[in-house]
Amino acid sequence: MSIEIKNLTKNFGDTCALDDVTLSFGENKIFGLLGNNGAGKSTLLGIVTDRLYPTSGTVEVDGENVTNNDTALSKVFLVAEQNMFPEDMSVKKAFNTAQLFYPDFDRAYAEKLSAKFGLNTKKKIKALSTGYSSIFRLILGLSVNTPYLLFDEPVLGLDAQHRDMFYRLLMEKYAEKPCTIIVSTHLIAEAAELIEHTVIIRDGRIIRDCPSSDLTANVYSVSGPGMLVDAYLSDKHVLTVNTLGGLKTACVEGGTAALPEGLVLSRVNLQDYFISLMEEEDRK
Amino acid sequence: MKMHLKSAFRYQFKSALKSAIIFCLIMLAILAVFSILAVGGYEESRATFVGYGFSAAIFMFVIGIVSIRSDLRLCLQLGISRRSAFVSEIFALLALSAALAVVGELITGAAQAAVLTAPSKHVFVGDLYQMMYLQNGFLQLGFFQHILSALCNIGLIWATCLFGMFFSLMFWRLNKAWTVIVAISIPILLNVVPWLLAKAGFDPAPFFTWMLRSPFFYILTCLVIAVFIGVINWLLLRRANIKAV
């Protein structure tokens, strides 16, 4: 029970959006799909849901190729950045339509969430603000009850309160009915607590794919006087170094050797790790 | 691979049905206005209502243009593959074409009956089949003739609708530069190609003579065109990137 991506390549003219990506999204886990703008996250999710046609490679959901396969596609729901419903459709009619296509669509839950977020279901989709347009799509995603739930920038335009509410609801949903959730987001710090497994994509290639705890467990930050830090870093895999006056801070990947006197070691969170990794990649 | 056509078909048919009902009401209103003008005291005036089939075809041409993209987006959002969305769209539009053709026969049948019983026979009600194969202005069609007339209209409406879909899909696939090139080329080609064909000595008259020999030849021609355009439409859609507006 998984989404298996094998040797996936997608070219848009001369631009290679995905380059021979092989990846697996296992059962009942929350994945974070992280990457800079234009890294290929949305393209990857678009191909998984058959919205985009791959140049080469395959995507399988529970062993079935997704291309032109209703059985496979009906197990996957993508909450994308953009609206795919007719703009003159009302929220209420969109719920009715979702109910027509998904027998497990929880209408009562969708209505309850609409009331909770203050979403007017009588409004037309085109009349919704950016934030409420996101909320509308999130509510659909939380109510469809598919085994695979994909979120592409889910909190776009949402205020802090609504973002917090969404993360809580997602966790509640996951605790109640475990499913595979893939969250592609730039707001890493906010989503970090949710993400069990991190996939980092850059320039269409997967550069990290492992449990979040492993990713950050192996990375730490060392700070102290410049000379001491430089000496300590001589045989280490350094991701980034920042200097402020005489103080130097370095992000290091690998085991922690005994620290010399005068240096301070601290843990690195997922966002800091991501930034450090991207800066290291920039230097390559 | 099992196709989930039922829900997509229901949605696609229902979404176009409202516009189709409005179209039928407009056609009825036009017929009513013509009848009132012709019968209501103007001895010299005559009204002719023969354009239902063509009007329905033009209406469905527009439906073909506007519905395919939004229906595909919605279907892909709701777990229906592009192939199933396309197949169900084709069948939904065929069902709608059939519904419009049947309504057309009901309207023309009722109007012809009314004309025959009315004291003043200043209103001519007919349709494509009647003009092409019967050429009898005041004839009231029998049941079998209505069936043939409906089949002729279904063929025309469906083929035109798929043609509208073709334009929508073609312009969806083209980039900006090609959109401009194709948009300019179409009217030029429409004028130049017939002229070139005539210059080359091509005479389409035998084909039209053959088609006018039997309504079944006409229906067959429409079906062949519809299937041909349908295949081209699928080729255009097969690898298209389905994006939001």
Go through B:L134, B:L141, B:L128 for me and flag whichever is surrounded by 15 or more Cβ atoms within 10 Å (Cβ to Cβ) and either touching a Leu at 6+ places or on another chain (Cβ under 7 Å) or touching a residue at least 40 places away in the same chain (Cβ under 8 Å) (or both).
-> B:L128
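Here is a yes/no grid of residues against (1) outside any helix (DSSP H, G or I); (2) in contact (Cβ under 8 Å) with a residue 12 or more places away in the chain; (3) within 14 Å of chain B (Cβ to nearest Cβ); (4) more than 26 Å from the chain's Cα centre (by Cα):
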residue: A:D104; (1), (2), (3), (4): yes, yes, yes, no
residue: A:L119; (1), (2), (3), (4): yes, yes, no, no
residue: A:Y132; (1), (2), (3), (4): no, yes, no, no
residue: A:L140; (1), (2), (3), (4): no, yes, yes, no
residue: A:S143; (1), (2), (3), (4): no, yes, yes, no
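Every residue, every condition in (1) within 14 Å of chain B (Cβ to nearest Cβ); (2) open to solvent by less than 10 Å² (accessible area, probe 1.4 Å); (3) not aromatic (F, W, Y), yes or no:
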residue: A:T15; (1), (2), (3): yes, no, yes
residue: A:L18; (1), (2), (3): yes, yes, yes
residue: A:L23; (1), (2), (3): no, yes, yes
residue: A:L34; (1), (2), (3): no, yes, yes
residue: A:D50; (1), (2), (3): yes, yes, yes
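Can you tell me which residues in segment B:78-89 are at the interface with chain A (Cβ under 9 Å from one of its Cβ atoms) and either open to solvent by 10 Å² or more (accessible area, probe 1.4 Å) or of a type in the set (D, E) (or both)? Show your work before the answer.
Filtering segment B:78-89 for residues at the interface with chain A (Cβ under 9 Å from one of its Cβ atoms) gives B:78-84.
B:R83, the sole residue that qualifies.
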Can you find a residue in segment B:208-224 that is part of a loop (DSSP other than H, G, I, E, B), more than 14 Å from chain A (Cβ to nearest Cβ) and open to solvent by 40 Å² or more (accessible area, probe 1.4 Å)?
-> yes
How many residues does segment A:54-95 hold that are part of a loop (DSSP other than H, G, I, E, B), at the interface with chain B (Cβ under 7 Å from one of its Cβ atoms), without any contact (Cβ under 8 Å) to a residue 24 or more places away in the chain and open to solvent by 30 Å² or more (accessible area, probe 1.4 Å)?
-> 1
Restricting to segment A:185-214, what's the tally of residues that are in contact with a helix residue (DSSP H, G or I) (Cβ under 7 Å, 6 or more places away or on another chain) and part of a loop (DSSP other than H, G, I, E, B)?
-> 5
Among the residues of segment A:83-114, write down those that are within 21 Å of A:P147 (Cα to Cα) and β-branched (V, I, T).
-> A:T97
Flagged pairs (Cβ under 6 angstrom, 6 or more apart or on separate chains; first in segment B:1-20, within 7 Å of chain A (Cβ to nearest Cβ); second surrounded by fewer than 18 Cβ atoms within 10 Å (Cβ to Cβ)) are B:K2/A:T71; B:S7/A:L100
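The values are calculated or read from the model by the stated rules, or taken from the named source; none is laboratory data. Quick caveat: nothing in here was measured; it's all calculated off a predicted structure. Note that each Cβ is placed from the backbone with ideal geometry, even for glycine, and that neighbours are counted across all protein chains shown. SASA here: full protein model, heavy atoms, side chains in, ligands and nucleic acids out. Shrake-Rupley method; radii C 1.70, N 1.55, O 1.52, S 1.80 Å.
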